[in-house]
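S.K.: Just dropping this structure here.
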């Protein structure tokens with residue numbers, strides 16, 4: 001329990017505890033006897049149950065007030081650390097508030113400031129099923145010669161249009177003033193590349209109306225239709241020729 005209070009999770013707590021066991025013995029025989037004693041060397045399942053008990057005692061239920069009070073402290077500590085900025089809205093079913101957490105790290109701010117492509121192209125990709133609450137994790141990122149670089153992170157409890165609109169506006173409030181390579185947080189990059197989720201597309205157009213909205217499937221079909229090189233690794237060619245593909249894409253701007 002003390003290791004959990006110090007900030008350890010399951011794996012790190014188990015490794016630290018086992019290291020302490022090894023250091024506490026003076027010979028191999030004593031170590032073997034100690035490791036075989038489940039009262040002093042619990043297995044992973046037992047440690048997992050201890051962690052669950054600690055989590056419920058310290059933070060309460062997953063949507064309870066205690067865990068959001070703790071999140072307030074975590075967000076404040078992060079904002080005071082100089083490592084970036086974060087903002088969140090706690091979940092409250094009584095008033096219809098969805099959970100929203102937006103994060104912009106110091107590294108993301110550097111990408112906004114230094115990488116020209118941050119003002120030209122922004123991918124908006126949402127994934128879920130990472131944990132049992134099935135929160136949606138939306139990453140905003142751009143691409144350049146070294147690969148993908150993050151611009152912002154949004155975590156929401158659902159993917160309704162009103163939730164995504166609120167989340168994007170919250171993200172805009174913590175973006176640096178030079179966001180999108182100096183274009184300004186309110187202006188947005190020139191092009192958004194996303195999937196055909198109507199809720200996400202509508203939210204993007206409401207919050208950043210000046211950005212062109214394109215579907216990833218359209219760009220892929222454009223590339224493969226125009227690819228005459230027959231190269232076996234099309235993903236590499238796709239990235240390297242992405243600029244030329246975008247020049248053909250605006251006439252396919254999504255409408256919904």
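The values are calculated or read from the model by the stated rules, or taken from the named source; none is laboratory data. As the structure is a prediction and not an experimental result, all values here were calculated from the model. Cβ sites come from the backbone with ideal geometry, for glycine too, and all protein chains shown count toward neighbours.
S.K.: Please go through the stretch 88-97 and pick out each residue that is surrounded by 13 or more Cβ atoms within 10 Å (Cβ to Cβ) and either outside the structural domain of residue 147 (by TED's automatic domain parsing) or out of contact with any strand residue (DSSP E or B) (no Cβ under 8 Å at 6 or more places or on another chain) (or both).
M.R.: Result: 92, single match.
S.K.: Of the residues 127, 143, 157, 136, which single one is in the same structural domain as residue 197 (by TED's automatic domain parsing), over 21 Å from residue 209 (Cα atoms) and more than 14 Å from the chain's Cα centre (by Cα)?
M.R.: On the way: 127 fails: more than 14 Å from the chain's Cα centre (by Cα); 157 fails: more than 14 Å from the chain's Cα centre (by Cα); 136 fails: more than 14 Å from the chain's Cα centre (by Cα).
From the options 127, 143, 157, 136, the qualifying one is 143.
S.K.: Looking at this structure, is residue 245 in the same structural domain as residue 82 (by TED's automatic domain parsing), modelled with pLDDT of 90 or more and more than 20 Å from the chain's Cα centre (by Cα)?
M.R.: On the way: in the same structural domain as residue 82 (by TED's automatic domain parsing): yes; modelled with pLDDT of 90 or more: no; more than 20 Å from the chain's Cα centre (by Cα): yes.
Answer is no for this residue.
S.K.: For the stretch 68-87, how many residues are under 21 Å from residue 151 (Cα atoms), touching a helix residue (DSSP H, G or I) at 6+ places or on another chain (Cβ under 6 Å) and either outside the structural domain of residue 138 (by TED's automatic domain parsing) or without any contact (Cβ under 8 Å) to a residue 40 or more places away in the chain (or both)?
M.R.: 2
S.K.: Mind checking which residues of the stretch 122-155 are over 19 Å from residue 84 (Cβ atoms) and part of a strand (DSSP E or B)?
M.R.: Across the stretch 122-155, the qualifying residues are 123, 124, 125, 126, 127, 136, 143, 144, 147.
S.K.: Next question. Of (1) in contact (Cβ under 8 Å) with a residue 60 or more places away in the chain; (2) touching a strand residue (DSSP E or B) at 6+ places or on another chain (Cβ under 6 Å); (3) within 20 Å of residue 179 (Cα to Cα), residue 100 satisfies all except one. Which?
M.R.: Only one criterion in (1) in contact (Cβ under 8 Å) with a residue 60 or more places away in the chain; (2) touching a strand residue (DSSP E or B) at 6+ places or on another chain (Cβ under 6 Å); (3) within 20 Å of residue 179 (Cα to Cα) is unmet by residue 100, namely (3).
S.K.: Could you pull out every one of the helices (runs of 4 or more DSSP H) wholly within the stretch 1-97 that has 3 or more residues that are closer than 30 Å to residue 159 by Cβ? Show your work before the answer.
M.R.: Values: elements: 2-5, 10-24, 28-36, 44-59, 65-81.
Per the criteria, 44-59, 65-81.
S.K.: Please give the number of the condition residue 126 fails out of (1) in contact with a helix residue (DSSP H, G or I) (Cβ under 9 Å, 6 or more places away or on another chain); (2) on the phi < 0 side of the Ramachandran plot; (3) at pLDDT 90 or above; (4) surrounded by 16 or more Cβ atoms within 10 Å (Cβ to Cβ).
M.R.: All conditions are met except number (3).
S.K.: Out of (1) surrounded by 10 or more Cβ atoms within 10 Å (Cβ to Cβ); (2) farther than 30 Å from residue 73 by Cα, what's the single condition that is false for residue 27?
M.R.: All conditions are met except number (1).
S.K.: When you scan the stretch 162-188, how many residues do you find that are in a helix (DSSP H, G or I) and within 19 Å of the chain's Cα centre (by Cα)? Let's see the steps before the verdict.
M.R.: Within the stretch 162-188, the first condition is being in a helix (DSSP H, G or I), and the residues that meet it are 162-174, 179-182.
Restricting the remaining residues to those that are within 19 Å of the chain's Cα centre (by Cα) gives 163-174, 179-180.
Summing the residues that are in a helix (DSSP H, G or I) and within 19 Å of the chain's Cα centre (by Cα) in the stretch 162-188 gives 14.
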